[in-house]
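As structure tokens, the structure follows; a few thoughts come after it.
Values in this text are rule-based calculations from the coordinates and carry no lab data. Remember, it's a predicted structure, so these values are computed and weren't measured experimentally. For neighbour counting, all protein chains shown are included, and Cβ atoms are generated from backbone atoms with ideal geometry for every residue, glycine included.
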Amino acid sequence: MDWGMKNRLARIIKPDTGRTVMLAVDHGYFLGPITKLEDPRKTIEPLLPYADAIMLTRGVLRSSVDPNTSTPIVLRVSGGQSIIGPSLANEEIITCMKEAVRLNVAAVAFSIYIGTEYEHQTLINLSKLIDEGEEYGIPVLAVTAVGKELEKRDARFLSLACRIAAELGAKFIKTYYCENFEKVVNSCPVPLVIAGGPKLETERDVFQLTYDAIQKGAVGVDMGRNIWQSDHPIAMIQAIRHIVHKNASVKEAEDLFNSLKTK
Ligand code: R5P
């Protein structure tokens, strides 16, 4: 890997632990102003110091993030559809690599929709983006999206999707945690981070999800709703960092969360 590519990846996946806590706030690109992300700046600003990287679109980056930040940016560059449109899978490249360079991003993120009628389109666009990323030294994060078909989140499907993304040249991949997650990790030659998904019932569920993913080989999380839809988002992200970077147990994360939420 070239120096620039390695350096950008090292800004996201911290070399001292080999792990990362990415904060996902890109949801508006197809969901609009979802709960607790109505005013992105209000949500993002207090969490920024605790995130190893932040994943968002160029619109929210320019409008809602202070350019003096040192938090690395992972720029969402796929989209073009909406939650009420005909297909969530019909994504194209919405932001070019030149713009990503202009915004000084550490990586770009692109969703692929394996098993849908847009499989070919999204895989070819991922490949084009990777070619450009190689040219500029910008890593591409592939997101193994499932759209509304949540039942697809099993090890068989996710192994297939992650492996294809790695074969096409994605430098790291965002996927879902699932039963037998180690199968997904072991058949994927590049690092995996997990999404949090919709808000879980308890904080303990989120810590358990994070703990299990790390134990089974994920290098971290790219988490959104389970952090910023919490009543105590700052305590939440710190407790998750405790698991990801310090190998804390679920109980230790919970204890930290309880001690911080009262402050
Ligand atoms: C999916 O690609 C979305 O854009 C989010 O980035 C992703 O789902 C992670 O956020 P959450 O933890 O809320 O699922």
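Step through the table entries Lys199/Lys251; Lys14/Lys216; Lys128/Lys199; Lys36/Lys174; Lys42/Lys251; Lys98/Lys183, compare each Cα-Cα distance with 25 Å, and write down the pairs that go over it. Violating the 25 Å limit, Cα to Cα: Lys128/Lys199; Lys42/Lys251; Lys98/Lys183. Less than 12 Å Cβ to Cβ from Asp52, Lys/Arg counted +1 and Asp/Glu -1: what total charge do the surrounding residues give? Surrounding charge for Asp52 is +2.
Largest GNM mean-square fluctuation among Ala195, Ala155, Ala107, using the chain with Cα springs under 10 Å: Ala155. Couplings 3J(HN,Hα) for segment 177-194, derived from phi with the Karplus relation 6.51 cos²θ - 1.76 cosθ + 1.60 (θ = phi - 60°), are 6, 8, 4, 6, 4, 4, 5, 5, 5, 5, 9, 10, x, 10, x, 10, 10, 10 Hz, where x marks Gly and Pro.
Counting other C-beta atoms within 10 Å, and keeping those with at most 11, which DSSP coil GluC sites (Glu not before Pro) do you find in segment 1-95? Present the calculation step by step, with values, prior to reporting the outcome.
Details: sites: Glu38, Glu91, Glu92; in loops: Glu38, Glu91.
Loop-located and lightly packed - Glu38.
Counting only residues at least eight positions apart within a chain, or on another chain, the aspartates and glutamates with an alpha carbon under 16 Å from that of Lys261 are Glu203, Asp231, Glu252. Placing pseudo-labels 7 Å out from each Cα toward the beta carbon at Ala155 and Lys251 gives an inter-label distance of 2.7 nm.
The loop-placed chymotrypsin sites (Phe, Trp or Tyr not before Pro) in segment 24-84, going by DSSP, include none that has at most 16 neighbouring Cβ atoms within 10 Å of its Cβ. For segment 139-170, backbone nitrogen atoms closer than 14 Å to the point 7 Å from Asn186 Cα along Cα-to-C-beta are found at 155-156, 159. Taking 4.7 Å between C-beta atoms as the pairing limit, the chain has these partnerless cysteines: Cys96, Cys178.
Take every DSSP beta bridge with both residues inside the chain and express the antiparallel ones as a percent of the total, to the nearest 5. Before the final figure, lay out each step's value.
Numbers: 3 of 29 bridges.
The antiparallel fraction comes to roughly 10 percent.
Computed over the Cα atoms of the chain, pair by distinct pair, the Kirkwood hydrodynamic radius stands at 18.3 angstrom. When both bridge partners sit in segment 1-119, DSSP labels roughly 25% of those beta bridges antiparallel.
Starting from the Cα gyration tensor of segment 1-136, take the square roots of the eigenvalues, sort them a ≥ b ≥ c, and report rounded, prolate or oblate (rounded when a/c is under 1.5, otherwise prolate if a/b is larger than b/c, else oblate). If you can, show how the numbers build up before the last one.
Working: a/c = 1.83, a/b = 1.12, b/c = 1.63.
Note, shape of segment 1-136 comes out oblate.
Both radii come from the Cα set of segment 149-263: Rg as radius of gyration, Rh as Kirkwood radius; their ratio Rg/Rh reads 1.00. As a length-normalised measure over Cα pairs under 8 Å and 6 or more apart, the relative contact order of segment 218-263 settles at 34 percent. What residue among Ser111, Cys162, Thr202 has its Cα farthest toward the positive end of the dipole of segment 94-221, where the charges are +1 on Lys, Arg and -1 on Asp, Glu, each on the Cβ? It is Thr202.
Does segment 28-108 come out rounded, prolate or oblate by the C-alpha gyration tensor, with a ≥ b ≥ c the root eigenvalues, rounded set by a/c under 1.5 and, if not, prolate when a/b is larger than b/c and oblate if not? Judged from the Cα gyration tensor, segment 28-108 comes out oblate (a/c at least 1.5, b/c at or above a/b). Between Glu38 and Lys6, the modelled labels are 4.8 nm apart [label points 7 Å from Cα along Cα→Cβ]. For the chain, a crude dipole built from +1 on the beta carbon of Lys and Arg and -1 on the beta carbon of Asp and Glu, taken about the Cα centre, is about 480 debye to the nearest 20. With contacts defined as alpha carbon pairs under 8 Å and 6 or more residues apart, what's the relative contact order of the chain in percent? That works out to 17 percent. In the chain, helices alone account for a calculated mean residue ellipticity at 222 nm of -13000 deg cm²/dmol, with every DSSP H run of four or more residues adding -39,500 (n - 2.57). Relative contact order of segment 88-192, taken over Cα pairs closer than 8 Å and 6 or more residues apart, is 25 percent.
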